[in-house]
Amino acid sequence: MKRYGWIPEYFRGTFTLLGLTAVILTFSQCDRGPKADLLLTNAKVITMADGSSGAVNDVVAIKDGLILDIGPAETILKKKYQNNKTVVKDLEGKTLLPGFISSHMHFFFFALAAEWPDVSSINTFFNPSPPWQPTRKSSEIMAKVRDLAAQEKDPEQWIKVFAFDPSRQVEDVAVDRESLDQVSPQNPVFIMNNSMHFAYVNTPALKKLNICGSLAEQDPKTCFDAKISPSEQENAKQGVLQEGAMLRALLFLLPTDPEESFKIAKRGAKMLAGKGYTTISEGGANLELLKFYQKLTAQDDFPLNAVVLPVFTMLLDNSPNGLSGYLKANQHSFSPTFKVGPVKFWADGSVQGYSSFMLQPYKTRPPWADPNQIYRGSPNVPEEMKLGFKKAVDEGYQIAVHVNGDASLEMVLDLWDENLKTKPNSDNRFQLIHVPFAVSDPNLGQLQRIQKGGYVATFLAGNNYYWGKVVCEEVMGAARAKNFFPVKDAMKMGVPISLHSDAPVNVPDPLFTIWTAVTRKVQPWGSDTFTAQCPEVQGPNQRISILDGLKAYTRNAAYQFFMDQTHGTIEKGKVADLVVLSDNPLNYEANPDGLLNIQTVATVHRGRYLPVTAGRDFIPESKPAEANPEGNH
């Protein structure tokens, strides 16, 4: 028997075949690495990761909804991520960013109000203009309600419109119970205030809502306890609902048919995907709304993640319907696109509505205030906040608080600092929402306290544009208006900041909101005149850069919701939630008005490429119109 080295002759053919097979397997295994589901090529990528400061020509490979790899084309293509199933999108030099994250809005109420007649002074819902025009007088709103009531055949149907705001619209006729009864004697009427802290209703509406203290004749055993103060009860009798009473009405108006609610939410979602969002938020949800979002986000055709903030009353409820009971029963079945966020509290009301709690008196007194008393506003149920904060800290829940006044902020910080003494250096990321009057002076040092406590702040920067003039001239005066929303000061102090729209309060357009924070321009609403005390650019010392604005809507917003390990930057292993823009926002640091011409081309939601298309029933084409005195955006 011949031998080839140590191989017997009769094995020679076998080993030759095995050798050839091994070579083939070796080469095939070189091409057996992971294959991308989606390749985004020829993109200007702004990763927002540490150390990145501009756009880089890169390719992004995506697999199973996650970022598989990112890098220059020559590097990525050598790794052979592509096969015949890979979808390749040539972005033709367009800009790719992490998807925008809403750190605070009321998404479903935005989507719901988008279905109503829009009589507001702000084009919150991106209506074509013309024909949409801002409403300037209350008489126009009342005429609209009269027309709607006359056309409605069913006397049980609600007349719902968005929105009246006496701080921006001239109240040439009263908007109250008596006047609404005259234009709609049978149909219940609900007019939301732009701030969402007030609403205006007629007698049929009050009877349906049955809020305790709102009607002269009521059965205290069957009325709804909205936990409103005596003064709020008196206002409710006049048809003006505030805070808890307004929230009762809003929740009462939610559709009872889940399928109808899903359709409304999906229309709203497509509007916001058209503005580059991949994650929205619901800033205050009861048990029913939590369950609704849980089902909504599990549906394949909903193109957004949702962070839902349960209301504090759920935390205080120890029954199975409370927050702990809900989480225990449902947490195992949450979709990856659904997150229960921090517990939501309200410390006070609205700045322009004169219901924020301030350290110093308002410049002007609201008509309902006692003329013999100094008026500083008032806090919302501080005893319930104390109980809620303690329970949240003890049980390990994150907290978010709506706070506008500096006195409310002082109260919240005192309570947080006290409750967290037992947990020093904890990574709590308690969120302060709005904070337009946080101060950094040596006497109070509120921003320093926020930074030291490990708290975070999200600013409603667009309010400086829409309400800066009225805040300066009428509500607060020039001294406080110049630092209205002190975003830059907060950044200097090291406070992790984000920006938000509070939609439907402001226009939910991230690039527009960034523009307002970068320019600090004020809308010349009411009169076109500006003064040295109340100028067109209000608080230039609070301007931020466009890069800072992009961070606020991506990595910082993710950090605030404990999502920074999975979202907010474009890095290997993170969720592929992205936005494709027609141009690079960073090109406009010297001319920020250019931000208003950038369009959203597409979003990528968990690896699915979703192009923007026209129409409200589809993803709307996104071109933020120029901000102008008519409120058209």
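The values are calculated or read from the model by the stated rules, or taken from the named source; none is laboratory data. From a predicted model like this one, the values you see are computed outputs, not experimental measurements. When we count neighbours, we look across all protein chains shown, and the Cβ atoms used for this are built from the backbone with ideal geometry, even at glycine. What goes into the accessible areas is simple: the full protein's heavy atoms, side chains included, and nothing from ligands, DNA or RNA. Shrake-Rupley method; radii C 1.70, N 1.55, O 1.52, S 1.80 Å.
Among residues of segment 84-113 that are over 15 Å from Asn584 (Cα atoms) and touching a residue at least 24 places away in the same chain (Cβ under 8 Å), those with a beta-carbon under 7 Å from a residue that is in a helix (DSSP H, G or I) and basic (Lys, Arg) at least six positions away or on a different chain give the pairs Ala111/Arg267.
Cβ-Cβ contacts under 9 Å between residues 6 or more apart (or on different chains), taken from a first residue in segment 201-225 that is on the phi > 0 side of the Ramachandran plot and of a type in the set (Gly, Ala, Ser) to a second residue that is in a loop (DSSP other than H, G, I, E, B) and crowded, with 16+ Cβ neighbours inside 10 Å, are listed as Gly213/Ala226; Gly213/Ile228.
Per-residue answers, yes or no, for (1) under 14 Å from Leu206 (Cα atoms); (2) touching a Ser or Thr at 6+ places or on another chain (Cβ under 9 Å):
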{"site": "Lys144", "(1), (2)": "no, yes"}
{"site": "Asp147", "(1), (2)": "no, no"}
{"site": "Lys153", "(1), (2)": "no, no"}
{"site": "Glu156", "(1), (2)": "yes, no"}
{"site": "Asp165", "(1), (2)": "no, yes"}
{"site": "Val175", "(1), (2)": "no, yes"}
{"site": "Pro185", "(1), (2)": "yes, yes"}
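The number of residues in segment 570-582 being open to solvent by less than 10 Å² (accessible area, probe 1.4 Å) and either on the phi > 0 side of the Ramachandran plot or β-branched (Val, Ile, Thr) (or both) comes to 3.
For segment 459-470, a residue qualifies if it is touching a Ser or Thr at 6+ places or on another chain (Cβ under 7 Å) and either within 13 Å of Ile514 (Cα to Cα) or open to solvent by 10 Å² or more (accessible area, probe 1.4 Å) (or both), and the qualifying residues are Ala461, Gly462, Asn464, Tyr465, Val470. The set of residues in segment 498-529 being assigned to a strand (DSSP E or B) and surrounded by fewer than 23 Cβ atoms within 10 Å (Cβ to Cβ) consists of Lys521 alone.
Quick check, is Pro367 under 14 Å from Phe345 (Cβ atoms), in a loop (DSSP other than H, G, I, E, B) and without any contact (Cβ under 8 Å) to a residue 60 or more places away in the chain?
Numbers: under 14 Å from Phe345 (Cβ atoms): no; in a loop (DSSP other than H, G, I, E, B): yes; without any contact (Cβ under 8 Å) to a residue 60 or more places away in the chain: yes.
The answer is no for Pro367.
Determine if segment 515-524 includes at least one residue that is modelled with pLDDT of 95 or more, at positive phi and within 21 Å of the chain's Cα centre (by Cα). Yes, segment 515-524 contains a residue that is modelled with pLDDT of 95 or more, at positive phi and within 21 Å of the chain's Cα centre (by Cα). Against the test of being among the hydroxyl-bearing types (Ser, Thr, Tyr) and closer than 23 Å to Ala329 by Cα, the options Thr297, Thr279 yield a single qualifying residue, Thr297. When each of Lys79, Lys85, Lys144 is tested for being within 23 Å of Thr569 (Cβ to Cβ) and either surrounded by fewer than 19 Cβ atoms within 10 Å (Cβ to Cβ) or aliphatic (A, V, I, L, M) (or both), the lone residue that passes is Lys79. What are the residues in segment 551-577 that are touching a helix residue (DSSP H, G or I) at 6+ places or on another chain (Cβ under 6 Å) and not acidic (Asp, Glu), if any? Once the filter is applied, which keeps residues that are touching a helix residue (DSSP H, G or I) at 6+ places or on another chain (Cβ under 6 Å) and not acidic (Asp, Glu), segment 551-577 yields Tyr553, His567, Gly568, Thr569.
Listed by first and then second residue, the pairs linking a residue in segment 408-425 that is under 10 Å from Lys386 (Cα atoms) to a residue that is charged (D, E, K, R), with Cβ atoms under 7 Å apart and 6 or more places separating them unless they lie on different chains, are Leu415/Lys386; Asn419/Lys390.
For segment 176-184, state whether one or more residues are outside any loop (DSSP other than H, G, I, E, B) and open to solvent by 70 Å² or more (accessible area, probe 1.4 Å). Yes, that holds for at least one residue. Of all residues in segment 376-398, exactly one satisfies the criterion of being open to solvent by 50 Å² or more (accessible area, probe 1.4 Å), closer than 20 Å to Gln446 by Cα and not charged (D, E, K, R), namely Ser378. Which condition number does Glu92 fail, the rest of (1) surrounded by 15 or more Cβ atoms within 10 Å (Cβ to Cβ); (2) modelled with pLDDT of 95 or more; (3) in a loop (DSSP other than H, G, I, E, B) being met? Condition (1) is where Glu92 drops out.
Within segment 344-361, residues that are without any contact (Cβ under 8 Å) to a residue 60 or more places away in the chain and of a type in the set (Phe, Trp, Tyr) have Cβ atoms under 6 Å from residues that are part of a loop (DSSP other than H, G, I, E, B) and open to solvent by less than 10 Å² (accessible area, probe 1.4 Å) in these pairs: Phe357/Asp348; Phe357/Gly405, counting only partners at least 6 apart in sequence or on another chain. Within segment 129-141, being touching a residue at least 40 places away in the same chain (Cβ under 8 Å) and surrounded by fewer than 16 Cβ atoms within 10 Å (Cβ to Cβ) holds for Ser129, Gln133. Within segment 329-349, take every residue that is in a helix (DSSP H, G or I) and polar (S, T, N, Q) and give me the one that is modelled with the highest pLDDT. Among those residues, the one meeting the criterion is Asn330. In this structure, does Gln538 turn out to be open to solvent by less than 10 Å² (accessible area, probe 1.4 Å) and over 21 Å from the mean Cα position of the chain (by Cα)? Taking the combined requirement at face value, the residue satisfies it. Examine segment 363-375 for a residue that is over 22 Å from Met196 (Cα atoms), surrounded by 15 or more Cβ atoms within 10 Å (Cβ to Cβ) and among the β-branched types (Val, Ile, Thr), and state whether such a residue exists. Checking segment 363-375: not a single residue is over 22 Å from Met196 (Cα atoms), surrounded by 15 or more Cβ atoms within 10 Å (Cβ to Cβ) and among the β-branched types (Val, Ile, Thr).
Limited to segment 107-128, what total is found for residues that are open to solvent by 20 Å² or more (accessible area, probe 1.4 Å) and of a type outside the set (Phe, Trp, Tyr)? Even if it seems obvious, please write down each step before you answer.
Quick first cut of segment 107-128, residues open to solvent by 20 Å² or more (accessible area, probe 1.4 Å) only: 115-118, 126-128.
Still in the list and also of a type outside the set (Phe, Trp, Tyr): 115, 117-118, 127-128.
Total meeting the criteria: 5.
Here is the figure for segment 548-564: residues that are out of contact with any Ser or Thr (no Cβ under 9 Å at 6 or more places or on another chain), over 17 Å from Leu578 (Cβ atoms) and assigned to a helix (DSSP H, G or I) total 1. Considering each residue of segment 430-446 in turn, none proves to be surrounded by 21 or more Cβ atoms within 10 Å (Cβ to Cβ), in contact (Cβ under 8 Å) with a residue 40 or more places away in the chain, of a type in the set (Gly, Ala, Ser) and closer than 30 Å to Gly325 by Cβ.
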